[in-house]
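These notes concern the structure reproduced below.
The values are calculated or read from the model by the stated rules, or taken from the named source; none is laboratory data. Every value quoted in this text rests on a predicted model; they were computed, and no experiment measured them. Glycine gets a Cβ as well: all are built from the backbone with ideal geometry, and neighbour counts include every protein chain shown.
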Amino acid sequence: MARYHANTAAGAGAGAAALASEWAPRLPAVLQEVKGAVAGAARSGIEAGPTLYTGTAGVAFALARAARCDPGLLPLAARLAESAAGRGAALRRRVAESVLDGQAGVAAVQAIVTSAANPSAPLDEPLSRFRACCAQAASAPGAGSDEVLYGRAGCVLGALTLNKQLGRGAVDDATLGAICAAMLASGRALSARLGLAAGGGPPLFYTWPEGGGRGHPYLGAAHGLLGIVHALLHCWDLLPSLDARARADALATLDYALSLESSVPGRGAAGGHWPVMARLGGLQEDAAGREPVLVHWCHGSPGVAMTLCRAFEVTGDLKYLAAAVSAGQLVWERGLLTKGPGLCHGVSGNAYALLACWRATRDPLWLARAQRFAVFIGEPGGGGGRGDWGAPDHPASLFEGLGGALVLLSDLTADAEGARFPFYEV
């Protein structure tokens, strides 16, 4: 099975106005269809556990986000958030700090949804649980994970999401700084151990699932180097207070990743692709040239584009914008994924990469392209639409299923300018 559907619009050459006039009017109908599917699944019961990634908390978050277009969804979202919180304590303690797959995310969603449903409701209990997870993330430099899906970077981005949703101070700068300091110490230690920094390589380096050079040197947003740098870039104003090298090390590490950009064989345009893993001798298990071309948020150009757009935002350096546009072009051509509509490795997550390029360039063509991806979610099978998708393991979930599509469609309908990939872009 092919990894992506052919994007028949990619070679059309139509301008932004023509593309938008074709696709924007279709968004409300697709939103209604997806909203009905997710709400129906929620009412019949979510069996995938309490987490943000595949479970009840993620569906609660999606419904709360969609409540901007339909406030009647808030009571259902609040019930799901409470249900997830009641089961969150059973999640593994060793990944408590995981926002996407642990207790931290369940607590964050409970706080966000409770506040949306009742702005005067007390939030002490979920915020206390989230802060405890942050303390765990910061307390053991060199232990645990640094990446987004299970580790410190995800905890930082979750904390920043709470501060944005609930008001600055939900998680204080001292806590954020402690987690960032732990990530910096961990990345520097592994880089030194592998001899990378001394040889002109990145001053920060990470492997997953294990440190000490035994794990995999992933590059992407979910498990890799760029996801961690992404979190550091979101704490740009805080980094100088940690140490004098923090910003420089983050950018030098990003520049190392930038140097790994490659071209896809058989594609007309050059560049735009990043491998799943860095190639550092024994750390890279796949032979060069045999690694699949993945165009996913978790591994590949969509997540890279978001990080590069953030780097351009905080530095103004045009090299990051140029690379982001190159990555975004590959997403546009090959981002209608056969895996489904979700955020992690699906069409919705890839649409957020196009939206990041729109915000960075202010070229309306990128917004029209994101609208095209959103409309694709509602197209029937036969021409590459949903009927030709593989069935997600968790069909209503935020990161694998229609929950992610519901968030995307709600963002495009209610506030395209404010659209951000959940718990990753802040």
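Determine which member of the set V59, V38 is in contact with a helix residue (DSSP H, G or I) (Cβ under 7 Å, 6 or more places away or on another chain), buried (at least 18 other Cβ atoms within 10 Å of the Cβ), farther than 17 Å from V347 by Cβ and touching a residue at least 60 places away in the same chain (Cβ under 8 Å).
Values: V38 fails: farther than 17 Å from V347 by Cβ.
Answer to the check: V59.
Being surrounded by fewer than 20 Cβ atoms within 10 Å (Cβ to Cβ), closer than 25 Å to P341 by Cα and touching a residue at least 24 places away in the same chain (Cβ under 8 Å) holds for only one residue in R87, R43, and it is R43. Just give me the residues in region 150-169 being touching a helix residue (DSSP H, G or I) at 6+ places or on another chain (Cβ under 8 Å), over 16 Å from A138 (Cβ atoms) and not in a helix (DSSP H, G or I), in sequence order. Matches in region 150-169: G169 only. Take the conditions of a type in the set (A, V, I, L, M, F, W, C), farther than 26 Å from L294 by Cα and not in a loop (DSSP other than H, G, I, E, B) and apply them to A18. Does it pass? Yes; evaluated as a whole, the condition is true for this residue.
Yes or no, residue by residue, for (1) in contact with a Pro (Cβ under 6 Å, 6 or more places away or on another chain); (2) over 26 Å from G300 (Cβ atoms); (3) not aliphatic (A, V, I, L, M):
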{"position": "A178", "(1), (2), (3)": "no, yes, no"}
{"position": "L184", "(1), (2), (3)": "no, no, no"}
{"position": "T207", "(1), (2), (3)": "yes, no, yes"}
{"position": "L232", "(1), (2), (3)": "no, no, no"}
{"position": "D243", "(1), (2), (3)": "no, yes, yes"}
{"position": "A246", "(1), (2), (3)": "no, yes, no"}
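When each of A360, A351, A374 is tested for being touching a helix residue (DSSP H, G or I) at 6+ places or on another chain (Cβ under 6 Å), under 23 Å from V148 (Cβ atoms), modelled with pLDDT of 95 or more and surrounded by 24 or more Cβ atoms within 10 Å (Cβ to Cβ), the lone residue that passes is A351.
Just checking, does region 282-305 include any residue being of a type outside the set (V, I, T), surrounded by fewer than 24 Cβ atoms within 10 Å (Cβ to Cβ), out of contact with any Phe, Trp or Tyr (no Cβ under 6 Å at 6 or more places or on another chain) and not in a loop (DSSP other than H, G, I, E, B)? Write out each step before concluding.
Our first condition is that a residue be of a type outside the set (V, I, T); within region 282-305, this holds for 282-292, 294, 296-303, 305.
Those still in the list that are surrounded by fewer than 24 Cβ atoms within 10 Å (Cβ to Cβ) too: 282-292, 294, 298.
The next check asks that each one be out of contact with any Phe, Trp or Tyr (no Cβ under 6 Å at 6 or more places or on another chain); those that pass are 282-292, 294, 298.
Next, only the ones that are not in a loop (DSSP other than H, G, I, E, B) stay: 282-283.
For region 282-305, residues of a type outside the set (V, I, T), surrounded by fewer than 24 Cβ atoms within 10 Å (Cβ to Cβ), out of contact with any Phe, Trp or Tyr (no Cβ under 6 Å at 6 or more places or on another chain) and not in a loop (DSSP other than H, G, I, E, B): present.
Residues in region 96-131 that are under 19 Å from the mean Cα position of the chain (by Cα), in a helix (DSSP H, G or I) and under 17 Å from L80 (Cβ atoms): Q103, G105, V106, A107, A108, V109, I112. Out of all the residues in region 202-211, is one or more surrounded by fewer than 22 Cβ atoms within 10 Å (Cβ to Cβ), modelled with pLDDT under 95 and touching a helix residue (DSSP H, G or I) at 6+ places or on another chain (Cβ under 8 Å)? Within region 202-211, one or more residues are surrounded by fewer than 22 Cβ atoms within 10 Å (Cβ to Cβ), modelled with pLDDT under 95 and touching a helix residue (DSSP H, G or I) at 6+ places or on another chain (Cβ under 8 Å).
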